[in-house]
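The values are calculated or read from the model by the stated rules, or taken from the named source; none is laboratory data. Note that the structure is predicted; figures quoted are calculated from it, not measured. Glycine gets a Cβ as well: all are built from the backbone with ideal geometry, and neighbour counts include every protein chain shown. For the accessible areas, the whole protein counts, side chains as well, though only heavy atoms, and no ligand, DNA or RNA atoms are used. Shrake-Rupley method; radii C 1.70, N 1.55, O 1.52, S 1.80 Å.
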Amino acid sequence: MSLKLGAHVDQEDPLAEAADRGADLVQFFLGNPQDYRAPKLAYADGEEALRDRAAAAGVDLYVHAPYRLNVANTNNRIRIPSRKLLQQTLDKAAEIAVKGVIVHGGHVGDEDDPEAGFENWRKCIERAELPVPLLIENTAGGENAMARQLDRIARLWDAVQSSGNDRLENVGFCLDTCHFHAAGEELPTIVEKVLAITGRIDLVHANGSRDEFGSGADRHSNFEEGHIDPADIVAVVQAAGAPVVVETPNAENGQKADIDYLRARLK
């Protein structure tokens, strides 16, 4: 099986990071993932240089949207700037010809009706310009999360698909193994169940977990050091047949070791 494998890397020089890991692709942020500031490319030589050099090196680029984004939220002070920043991120990412922008599904407040969150997602996609694919990622915790468990993902997907956006082919799904493990969803059958809902998996975040099944904790581990059987991670990657981003710790070249682990077992 020939799948593109890569990692989440520092944003200053993603191509050097790709070479260091022997990666086919890289994922990175455009600025601080914890605030609402407009996205900014950190690569010193600019957008055109990064785009052209990545293409010449055969390295695909992905951007992860800021963690602060929560387009589902019922609070206007969160939802409105989140929509604005998401569109800014999509537009900036298009300048470097990324393969996709990954965004978390978000959540509503503990006392809110989750239907309000799904409706907010519908409105967001209805109004969004989608110059590059937007990949919605499942999340690990939160009782009122939009994309933690499969029943909520199904409701979210229905809402998105009813948005009427004329570029719905550019709305896809990113499957995170640690997040589903944390959410209490069994990995051996997860690809089949997700495909039954979305009909597509565009990217896999292949991560081990530092915590037990169903913990709700989003803490990644290297494959052979966590609570997920590494064979289950390999099986998810094989079944999904999509490009892979490793988001594991990189101490002592841990990401490269995890990429090599996958590559050796996908031959």
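Residues in segment 15-33 that are out of contact with any Phe, Trp or Tyr (no Cβ under 9 Å at 6 or more places or on another chain), assigned to a helix (DSSP H, G or I) and open to solvent by 40 Å² or more (accessible area, probe 1.4 Å): Ala16, Ala19, Asp20. Scanning segment 65-83 for residues that are among the charged types (D, E, K, R) and modelled with pLDDT of 95 or more yields Arg77, Arg79, Arg83. Scanning segment 81-97 finds one or more residues that are in contact with a strand residue (DSSP E or B) (Cβ under 8 Å, 6 or more places away or on another chain), at positive phi and surrounded by fewer than 19 Cβ atoms within 10 Å (Cβ to Cβ).
If the requirement is being in contact with a strand residue (DSSP E or B) (Cβ under 6 Å, 6 or more places away or on another chain) and at pLDDT 95 or above, which of these qualifies: Leu187, Leu195, Leu135, Leu156? Steps first, answer last, please.
Working: Leu187 fails: in contact with a strand residue (DSSP E or B) (Cβ under 6 Å, 6 or more places away or on another chain); Leu195 fails: in contact with a strand residue (DSSP E or B) (Cβ under 6 Å, 6 or more places away or on another chain); Leu156 fails: in contact with a strand residue (DSSP E or B) (Cβ under 6 Å, 6 or more places away or on another chain).
Step by step, each of Leu187, Leu195, Leu135, Leu156 is checked, and only Leu135 is in contact with a strand residue (DSSP E or B) (Cβ under 6 Å, 6 or more places away or on another chain) and at pLDDT 95 or above.
Considering segment 40-54 alone, what residues qualify as being within 14 Å of Gln11 (Cα to Cα) and among the basic types (Lys, Arg)? Those that are within 14 Å of Gln11 (Cα to Cα) and among the basic types (Lys, Arg): Lys40, Arg51. Annotation: of all residues in segment 55-65 being in a loop (DSSP other than H, G, I, E, B) and over 15 Å from Cys174 (Cβ atoms), the one that is most open to solvent (accessible area, probe 1.4 Å) is Gly58. When segment 98-120 is filtered for residues that are surrounded by fewer than 23 Cβ atoms within 10 Å (Cβ to Cβ) and assigned to a helix (DSSP H, G or I), the ones remaining, listed by number, are Pro114, Glu115, Ala116, Phe118, Glu119, Asn120. Just one of the numbered conditions (1) surrounded by fewer than 21 Cβ atoms within 10 Å (Cβ to Cβ); (2) assigned to a loop (DSSP other than H, G, I, E, B); (3) under 17 Å from the mean Cα position of the chain (by Cα) is not true of Thr74: (3). Determine if segment 42-64 includes at least one residue that is under 30 Å from Glu143 (Cβ atoms), modelled with pLDDT of 95 or more and touching a Lys or Arg at 6+ places or on another chain (Cβ under 6 Å). Looking through segment 42-64, at least one residue is under 30 Å from Glu143 (Cβ atoms), modelled with pLDDT of 95 or more and touching a Lys or Arg at 6+ places or on another chain (Cβ under 6 Å). Take Ala42 and tell me if it is farther than 13 Å from Glu95 by Cβ and in contact with a helix residue (DSSP H, G or I) (Cβ under 7 Å, 6 or more places away or on another chain). Criteria not met by Ala42.
Which of the residues that make up segment 237-248 are of a type in the set (Val, Ile, Thr) and under 17 Å from Gly172 (Cα atoms)? First the steps, then the outcome.
First pass over segment 237-248, keeping only residues of a type in the set (Val, Ile, Thr): 237, 244-246, 248.
Once the filter is applied, which keeps residues that are of a type in the set (Val, Ile, Thr) and under 17 Å from Gly172 (Cα atoms), segment 237-248 yields Val237, Val244, Val245.
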